[in-house]
1. Can you tell me which residues in the stretch 43-63 are free of Cβ contacts under 8 Å to residues at least 40 places away in the same chain and open to solvent by 10 Å² or more (accessible area, probe 1.4 Å)?
2. On the given criteria, is residue 92 of a type in the set (A, V, I, L, M) and touching a Lys or Arg at 6+ places or on another chain (Cβ under 9 Å)?
3. With 253, 221 as the choices, which residue is modelled with pLDDT of 95 or more, small (Gly, Ala, Ser) and within 26 Å of residue 13 (Cα to Cα)?
4. Give the residue that is farthest from the ligand (Cβ to nearest atom), with candidates limited to residues of the stretch 146-165 that are of a type in the set (Gly, Ala, Ser) and over 12 Å from the mean Cα position of the chain (by Cα).
5. Report, by residue number, each residue of the stretch 10-23 that is open to solvent by 50 Å² or more (accessible area, probe 1.4 Å) and either in contact with a Leu (Cβ under 6 Å, 6 or more places away or on another chain) or of a type in the set (Phe, Trp, Tyr) (or both).
6. Of the residues that make up the stretch 215-236, is at least one more than 13 Å from residue 1 (Cβ to Cβ), free of Cβ contacts under 8 Å to residues at least 24 places away in the same chain and over 18 Å from the mean Cα position of the chain (by Cα)?
7. Take the stretch 178-231 and flag every residue that is more than 14 Å from the ligand (Cβ to nearest atom), more than 16 Å from residue 151 (Cα to Cα) and open to solvent by less than 10 Å² (accessible area, probe 1.4 Å).
8. Among residues belonging to the stretch 128-162 that are open to solvent by 30 Å² or more (accessible area, probe 1.4 Å) and touching a strand residue (DSSP E or B) at 6+ places or on another chain (Cβ under 9 Å), point out the one that is farthest from residue 20 (Cα to Cα).
Amino acid sequence: MDIHICQDSDSLARQAAFEFVRLANQAIASSGRFTVAFAGGSTPRKLYELLASEAFRTQVIWSNVEVFWGDERCVPPDHPDSNYRMAYEALLSKVPISPETIHRMPAEREDVARATDEYERTIRERFDLAAGEFPQFDLVLLGMGDDGHTASLFPGTAAIHEQRRLVVAHYVDKLKTNRLTLTPPVLNQGRTIYFLVSGEGKATTLKEVLQGPYEPDRYPSQIIRPESGRLIWLIDRPASQLLDVVPPEENRS
Ligand code: 6PG
């Protein structure tokens, strides 16, 4: 696990954008495509907006990029809470990516079980998976909630320990709503996994997640332990303020 401390949320987004471009070009050069699972919430917005900017947009062959989501709220795709809508408005509507390679979670469905089956089918087809196999995303982007959740793996939920399914839908009591989420075996297969964590509101939980005892039911972000991939925590100074050892600041120009 690598921990990179950035000065603030802007430099975090910039570092993440540099890494996204590097990983995309590396994957496309070696396999012809770049598969990425987008994080939702608010932190990644700056990254997505930066990737859509002149400085970064032209550095990625978007026609070779394939986008999935790590989780989704059970709302229509045009709803203000939709993770798809946030990424579409910030980035996907501004780059020459093919709609066929934008794989939105159909979380607005009444029948959430059917929605998870459908998304699992999409993943199996796109990764050409045999039964029992898990997809290996080139990049998994994750955030961390101030309660230690990641994707829609919330404290105390069975989804934290799901080992068979690729996607699960579950009722999150804390939010009084259903959520769809990729499962830990999928997330942990990622070749590169980036947590993007910003803001002093995350500091207390981040200290527990990174330097406290292993309690994934309490802090689900701890369940992210890739088998062979790289796990990098990209954290801004406010979020890192309680960490014991703060590695030297990594700032790109
Ligand atoms: C979601 C996200 C979720 C998010 C964290 C952090 O759908 O809400 O996928 O896991 O990453 O809640 O959210 P912020 O970036 O808004 O703090």
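The values are calculated or read from the model by the stated rules, or taken from the named source; none is laboratory data. As the structure is a prediction and not an experimental result, all values here were calculated from the model. For neighbour counting, all protein chains shown are included, and Cβ atoms are generated from backbone atoms with ideal geometry for every residue, glycine included. Areas reflect the complete protein model, heavy atoms only, side chains present, ligands, DNA and RNA absent. Shrake-Rupley method; radii C 1.70, N 1.55, O 1.52, S 1.80 Å.
1. Step one: list which residues in the stretch 43-63 are free of Cβ contacts under 8 Å to residues at least 40 places away in the same chain, which gives 46, 50, 53-59, 61-63.
Selection gives 46, 50, 53, 54, 55, 56, 57, 58, 59, 61, 63.
2. No.
3. Details: 253 fails: modelled with pLDDT of 95 or more.
Being modelled with pLDDT of 95 or more, small (Gly, Ala, Ser) and within 26 Å of residue 13 (Cα to Cα) holds for just one of 253, 221, which is 221.
4. The qualifying residue farthest from the ligand (Cβ to nearest atom) is 158.
5. Answer for the stretch 10-23, where residues must be open to solvent by 50 Å² or more (accessible area, probe 1.4 Å) and either in contact with a Leu (Cβ under 6 Å, 6 or more places away or on another chain) or of a type in the set (Phe, Trp, Tyr) (or both): just 18.
6. yes
7. none
8. 158
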